[in-house]
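Enquirer: Below are the structure tokens for one structure; questions will follow.
No lab work stands behind these numbers, since they all come straight from the coordinates. Keep in mind it's a predicted model, so treat the numbers as computed, not measured. FYI the Cβ positions are ideal-geometry reconstructions off the backbone, even for glycines, and counts take in every protein chain you see.
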Amino acid sequence: MEDRLIKVLLIEDNPGDIRFIQEVLGEADGARFELEHVDRLAAGLVRLAANDVGVVLLDLGLPDSQGFATFAKAYAQAPRVPIVVMSGFADEDLAIKTVQEGAQDYLVKGQINSDLLVRTIRSAIERKRAEETVRAQALIFENIHDSIVMTDLEGNIIRWNPAAERMFGYYKDEVFRKTLGTLTTKIIKGQLRDGRWTGEMGFTRKDGTEGICETIVIPLQDEYGTISAVFGVSHDITDRRQSEEALRKSEQQLRLVTDHVTDVVWSMDLEGKFTFVTPSAERLIGYTVEEMLSLNFSQIITPESHAMAIDLISKRLNVEEREPVIIEVEQVCKDGAKKWCEVTAVFSVEQNSRPTGIIGVTRDITERKLAERELQISYDKLRETLIVTVNTLASTVEMRDPYTAGHQRRVTILACAIAEEMGLTAGQFDGLRLAGLVHDIGKINVPVEILNKPGRISETEFNIIKTHPLAGYNVLKGIEFPWPVAQIVLQHHERLDGSGYPQGLKDGGIMLEAKILAVADVVEAMASHRPYRPALGIEVALHEITMNKGILYDPDVTDVCARLFTDEGFALGQEM
């Protein structure tokens, strides 16, 4: 205090009093003062706004302000600056009021000397600092997130902050002067001997729920070292403990699962070195967990599978959306045997979405692959049997109708070419191929003399011919094809506008395979010779489907068919 320069603002209009104060502060021993004076309250308020004044000496009788109002205005402008009131009158009531409202002291001018003024200034500054400290501590006490509880030496509560109200559910008025629980009281009395206690405590809230808190209990001592009270700071860790317990149980359950699951759960870095693997790896490929952690994944799969995996991983690294990868790889066991496995893997990423490794699950699918292979063999045999059966049926029709001999085969070749261009699935392609080979099987119900009639046929005869899709459907529906062959045959004379037969279906109700077969059937029939007319040629046939594109025939199918002939050199009669 003695070495620090104190800035004093004197608000006084009496020249004699100003000189007196200047002389007194100038002669003061052990203190350094920088005095500045103004003679109006308004000027003093402006000066206080600069916020660099250490103490104010304030006369209550100024030209622009009188009495208590003078102090009130100065205090409102700078509540944190100590103010010493000076008056020419010993007004006890005014002195009490100003001190109660925030003044640090009230001095009567005729009684001021050097020692009194210096002592008063120092005391004013120290008291103001103490007040600010208390105010700051009160703000902390009221606003801190941790519970603060102060008790006397018997454990009776004497202070209880808002955080304690939130934590325990009791308002301070409900607990004031009440005793804490037995355990807490023992801790308080024990720490009086040991000086401090830190630990975890259970507590019960007002609503009956229980919690856990971390608590520090500290004795409050006066300047002589005498303990006058005890305060405890508590932080509610109930949620944290519950989360930790839930995590512990989750980890325990996960460990139980990973230790006994048949699939292998693993993780590896981007270099392919395993960083985690479940014990099930030993059951799958013979390596222990310790052995797996020393291996690179390239060492436990075949070169072909390794190349495929690396290619897929590299592609996924270069895209933002990294969906899980599912691939089948051939793994090499410790004893050299090989097993087929399905691997599901996903990148582990940091917050910036940068991949740091790969997490995956490996499942043994060796038996499934064997079953699939056997199923494929059976499927291929069935397919060959069905093809032989269908070819036999096709030959039966063509034997009865020599003029249309080869028609079904040529229609099939064109339909398959269209299907391939349009990207139909393998199943759709196979179903269409078989349906094409027997699409006129229903003509076995049509008299030969109608089929081979050289002239125009009557309406009655045409109605008989129109029954052949349904007749063909009835022949084929009893055969268990793996594809909807019978339905394709039934619909191959349907048209988009509903003018076709036998059901009068429209666009949305006609299968794509039937739409393809319909276009191929029309093109081949018009371009080829018939008993009742000579061949019209491919140009006429293409004109027919083009003119009726979107009316009778599917637009996409029509465009592909026309492009096959005009751009790709397709010719009727070529082999499949």
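Enquirer: Taking the 0 to 90 degree range and rounding to the nearest ten, how far is the long axis of helix 426-437 tilted relative to the main principal axis of the chain, both from C-alpha atoms?
Expert: Taking Cα atoms only, the helix is inclined about 20 degrees.
Enquirer: Okay, moving on. Quick check: the angle from helix 15-26's long axis to the longest principal axis of the chain, C-alpha only, nearest 10 degrees?
Expert: With both axes taken from Cα atoms, the answer is about 80 degrees.
Enquirer: Turning to a different aspect of this structure: Give the percent of DSSP beta bridges with both residues in the chain that are antiparallel, rounded to the nearest 5.
Expert: Here the share of antiparallel DSSP bridges comes out near 75 percent.
Enquirer: Looking at this model, which pairs from Lys73/Lys128; Lys249/Lys369; Lys7/Lys109; Lys381/Lys477; Lys249/Lys339 are more than 27 angstrom apart at the alpha-carbon?
Expert: Beyond 27 Å between Cα atoms: Lys249/Lys369; Lys249/Lys339.
Enquirer: A further question on this structure: I'd like the distance between the alpha-carbon centres of region 37-66 and region 474-550, rounded to an integer number of Å.
Expert: So the two Cα centres are separated by 107 Å.
Enquirer: Label points 7 Å out from Cα along the Cβ direction at Thr179 and Glu131: separation in nm?
Expert: 4.1
Enquirer: Taking the alpha-carbon set of the chain, what are its Rg and Dmax in Å?
Expert: 50.6, 149
Enquirer: While we're looking at this one, here's another question. So what is the relative contact order of the chain, in percent, for Cα pairs below 8 Å that sit 6 or more residues apart?
Expert: 6
Enquirer: Under a straight-distance cross-link criterion of Cα-Cα below 23 Å, which lysines are reachable from Lys315, leaving out those fewer than 8 residues away in the same chain?
Expert: Qualifying lysines at Cα under 23 Å: Lys273.
Enquirer: Follow-up. Out of the GluC sites (Glu not before Pro) in region 541-575, which ones are loop residues according to DSSP with at most 11 other C-beta atoms within 10 Å?
Expert: On the way: sites: Glu544, Glu568, Glu575; in loops: Glu568, Glu575.
Sparse-neighbourhood loop GluC sites (Glu not before Pro): Glu568, Glu575.
Enquirer: What is the list of residues in region 322-347 whose amide nitrogen lies under 18 Å from a point 7 angstrom out from the Cα of Ser267, following Cα to Cβ?
Expert: 324-325, 344-347
Enquirer: What's the extension gain from Arg255 to Ile551 if we count 0.36 nm per residue and subtract their Cα-Cα distance?
Expert: 100.1 nm
Enquirer: Let me ask another. Sorted by mean Cβ packing within 10 Å, highest first, what order do the peptides 420-430, 282-292 take?
Expert: By packing density, highest mean first, the sequence is 282-292, 420-430.
Enquirer: Set the Förster distance to 45 Å, then compute FRET efficiency between Arg119 and Val349 from the Cβ-Cβ distance, nearest 0.05. Mind showing how you got there, number by number?
Expert: Working: r = 70 Å, r/R0 = 1.56.
With R0 = 45 Å, the Cβ-Cβ based efficiency is 0.05.
Enquirer: Right, another one. Tell me the chymotrypsin sites (Phe, Trp or Tyr not before Pro) within region 472-576 that lie in a loop according to DSSP and have at most 14 other beta-carbon atoms within 10 Å.
Expert: Taking region 472-576 and a limit of 14 other Cβ atoms within 10 Å, the loop chymotrypsin sites (Phe, Trp or Tyr not before Pro) found are Tyr532.
Enquirer: Based on the Kirkwood radius over alpha-carbon pairs, what value in µm²/s does the Stokes-Einstein equation return for the translational diffusion coefficient of region 5-140 at 10 °C and 1.306 mPa s?
Expert: Working: Rh = 15.0 Å.
D = 106 µm²/s.
Enquirer: What is the packing order of peptides 222-228, 409-415, 44-50, 80-86, taking the mean over residues of other C-beta atoms within 10 Å and listing the highest first?
Expert: For the peptides 222-228, 409-415, 44-50, 80-86, the packing ranking is 409-415, 80-86, 44-50, 222-228.
Enquirer: Restricting to DSSP H runs of at least four residues, report the calculated mean residue ellipticity at 222 nm for the chain, -39500 (n - 2.57) per run over all residues, nearest 500 deg cm²/dmol. It would help to have the intermediate numbers written out before the result.
Expert: On the way: 22 runs with 269 residues, N = 576.
Here the helix-only value at 222 nm equals -14500 deg cm²/dmol.
Enquirer: On to the next question. Residues of region 204-218 with amide nitrogen under 20 Å from the 7 Å Cα-to-Cβ point of Glu244?
Expert: Counting backbone N atoms under 20 Å from the label point, the list is 204-205, 210-217.
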